[in-house]
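Since the structure comes first, as structure tokens, the remarks are kept for the end.
Derivation of every value follows stated rules applied to the coordinates shown; laboratory data play no part. The structure presented is a predicted model; accordingly, all values stated were derived computationally and were not measured. Ideal geometry is used to build each Cβ from the backbone, glycine not excepted, and the neighbour counts take in all protein chains shown.
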Amino acid sequence: MIKRLAAQIAVLGVGALSLIGLGAASNAIAGREPLVAPLIAQDSVTAESRVAALNDQLKATRLELERAHQVLEFSGRYSIPADLSAMIYDNAVAVGITPALGYELVRIESRFQNTAASNMAAVGLTQLQLRTARAYDASLNTSDLMHANTNLRIGFSYLKDLLRRFDNDMALALEAYNKGPTLVAAQQEAGITVKGKYSNAVLRNVKQRT
């Protein structure tokens, strides 16, 4: 039993060291703190605990490496800086929408321009109106919506809420994001075809690029 545990620790240790080295490099993409803690001293815990700890560290590092891969892939795909790509990715994951959808929404709404503004008083990366944003944080003002993380967090949260409202129908939620949920609901009740160019464009590109 002891020999088997020792062999497991040795194998996991080598793997952890290799992945930790890669993970440390990946963290530089967005200035994130390392997810992987230093290897636990062998004389401080039991052999079983060391195996469990190394497994946890390997899992965390694999997740971080997958994130780094995705962030860099989307950065190249859309020709945007890696730090912006990381913000879009992390905010999408945090609120529970598909990162590919988040990138495509930002592309269509603002062309990744944080200072974008429309004639409908919508601003920032996800083209939020202040009245919409204040439903999530009443203290916000228009200048706050020019901050990328704030804009992305609220814009993606709004889309997530629209998905819940429209029974996870992505096309309807996107049309509601574009036209407003009240209008979309009224069109549904009147039997008017709601799904149109906006949702078709977003979903077509999401499907092509996932």
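Things to note:
- Taken about its Cα centre, the stretch 40-178 carries a charge dipole of roughly 280 debye when the Cβ of each Lys and Arg holds +1 and the Cβ of each Asp and Glu holds -1.
- The stretch 103-210 - Kirkwood radius from inverse mean 1/r over Cα pairs (Å): 14.2 Å
- Entry note, the stretch 80-210: relative contact order of 21 percent, from Cα contacts under 8 Å with a spacing of 6+ residues.
- Between ASN114 and HIS147, the simple spin-label model (points 7 angstrom out along Cα→Cβ) gives 1.1 nm.
- Taking other C-beta atoms within 10 Å as the exposure proxy, THR193, THR150 rank THR193, THR150 from fewest upward.
- Annotation: extensible slack from LEU63 through ARG165 equals 33.6 nm (criterion: 0.36 nm per residue apart, minus Cα-Cα distance).
- FRET efficiency, THR182 to LEU130 (Cβ-Cβ, R0 25 Å, nearest 0.05): 0.90
- Under Karplus coefficients 6.51, -1.76 and 1.60, residue-wise ³J(HN,Hα) of the stretch 137-145 in Hz, glycine/proline x: 7, 5, 7, 6, 10, 4, 5, 4, 6
- Per-residue 3J(HN,Hα) values for the stretch 179-185, derived from phi via the Karplus relation 6.51 cos²θ - 1.76 cosθ + 1.60 with θ = phi - 60°, read 9, x, x, 5, 5, 4, 4 Hz in sequence order (x marks Gly and Pro).
- Cβ crowding within 10 Å, taken as a proxy for footprinting-reagent exposure, orders MET87, MET120 from fewest neighbours to most as MET120, MET87.
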